[in-house]
Each structure stands twice: as C-alpha cells, then as structure tokens.
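Beneath this line is the structure, given in structure tokens, with notes to follow.
The values are calculated or read from the model by the stated rules, or taken from the named source; none is laboratory data. Please read all numbers here as calculations on a predicted model, not as lab measurements. Cβ placement follows ideal geometry from the backbone for every residue including glycine, while neighbour counts extend to all protein chains displayed. Heavy atoms of the whole protein, side chains included, go into the accessibility calculation; ligands, DNA and RNA do not. Shrake-Rupley method; radii C 1.70, N 1.55, O 1.52, S 1.80 Å.
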Amino acid sequence: MAAREAISAIVKRRFEASPEIVFGAWIKPDRLERWMFGPAVRKGEEIVHLSIDPRVGGAFSFLVQRGEVAVEHVGRYLEWERPRRLVFTWTTADAEVGSRVLIDIAPDGGGCELTLTQNLHPTWAHFVDQAEQAWSHMLDALARAIA
C-alpha cells in the first residue's frame with residue numbers, strides 16, 4: 001500500500017509511565033490481555049489466545065471470542081526500535097486487505113507521549129472515526145493498566 005493511497009486514523013495519548021513500560025505493554029501477552037482485549041476492555045469478550053513472536057519479521061495472533069463470533073487479529077512486526085517505535089501490519093484473519101500501525105513513543109517529562117497512526121486501505125475510509133475511537137478506548141485502558 002503506497003503512503004499516498006492510505007487513509008490514516010491518528011490517536012495521541014500521554015502516559016505517566018516511561019517509554020520502556022509503554023513499549024513493553026505492546027509486546028508482552030500478560031500485559032496485552034489487561035488493556036487490548038478481554039472483559040476489562042469490552043463486555044462479553046474473552047481471550048482465547050495471544051501469541052507473539054517479538055522481533056522484526058515475527059508474527060502475532062490475538063484470538064478473541066465476542067459472543068458467538070471469534071475474531072482473530074493477526075500481523076507481522078515490520079520495525080522494532082525499543083522503546084521508541086514499533087510498526088506492524090494489522091488485520092483480521094479473514095480480511096482481504098489489512099492496515100499498517102505505527103506506534104511512536106517520545107519521552108515527555110516523567111512520562112511519555114504515544115502517537116498511534118493506523119494507515120488504512122482507501123476502501124476503509126469510512127472506518128477512520130471508528131478506528132480512532134477504538135484505539136482511544138484501548139489506550140485509556142492501557143493507561144489504567146500501567147498506572
């Protein structure tokens with residue numbers, strides 16, 4: 001997907017935690033389950049499995065059950081500059097097109113500021129607001145999980 005073709009959802013969030021702690025929350029299953037998925041984030045959602053191969057080229061799979069529907073989020077790590085940048089593909093296992101998520105973490109006083117950019121295929125332009133709301137909700141849960 002060429003950058004000029006992408007539609008971007010962008011969310012910024014300041015954390016009262018170090019960049020290392022915030023970065024670690026993106027790559028460790030025991031931390032992800034506290035803020036990205038599960039009943040603490042969405043009512044009625046259960047985590048079936050979280051699998052991560054934490055390295056450039058490594059893949060991840062997050063399978064969750066939402067009522068009668070199983071949703072598997074999958075992707076591959078493209079960039080890994082701990083603790084300031086993480087880039088990965090993001091899609092569901094049954095989707096025809098995916099997206100790219102860029103996580104940039106900058107020190108800010110005693111904490112840090114995270115900027116999340118999700119580059120979506122143009123066919124998903126209608127989804128930008130929903131994506132921003134979903135990521136905002138998850139980043140709020142992340143702030144509570146690391147507080």
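Would you work out which of 83, 109, 35 lies farthest towards the positive end of the dipole of the chain? Charges go on Cβ: Lys and Arg +1, Asp and Glu -1.
It is 109, whose Cα lies furthest towards the positive end.
If you take the beta carbon distance between residue 85 and residue 65 as r and set R0 to 30 Å, what does 1/(1 + (r/R0)^6) give as a FRET efficiency, to the nearest 0.05?
0.40
Give me the percent relative contact order of the chain, please, defined on Cα pairs under 8 angstrom at least 6 residues apart.
Numbers: 296 pairs, mean separation 44.7, N = 147.
Relative contact order for the chain comes out at 30 percent.
Taking only the alpha carbons of segment 22-78, what extent do you get along each of the three principal axes, in Å, biggest first?
33, 21, 13
Find the Cα radius of gyration of the chain, compare it with 2.2 N^0.38 Å by division, and give the number to two decimals.
This ratio for the chain stands at 1.00.
Residue 53: net charge of surrounding residues, Cβ under 14 Å, Lys/Arg +1, Asp/Glu -1, itself excluded?
+3
Carbon and sulfur: what percent of segment 80-147's accessible surface (1.4 Å probe)?
Percent of accessible area from carbon and sulfur atoms in segment 80-147: 50.
Let me check I've understood the local charge: for residue 21, count other residues with C-beta under 14 angstrom from its C-beta, Lys and Arg +1, Asp and Glu -1. What total comes out? Working shown, then result.
Values: positive: 13, 14, 28, 31, 34, 82, 84, 144; negative: 16, 20, 30, 108, 113.
Net charge around residue 21: +3.
Return the distance in nm (one decimal) between the two label points of a simple spin-label model at residue 20 and residue 144, each offset 7 Å from Cα along Cα→Cβ.
My value for the distance between the label points is 2.8 nm.
Tell me the net charge near residue 79. Cut-off is 12 Å between Cβ atoms, residue 79 excluded, with +1 for each Lys or Arg and -1 for each Asp or Glu.
Combined, the nearby Lys, Arg, Asp and Glu give +4.
About the Cα centre of segment 1-145, how large is the charge dipole given +1 on each Lys and Arg Cβ and -1 on each Asp and Glu Cβ? Please answer in debye to the nearest 20.
280
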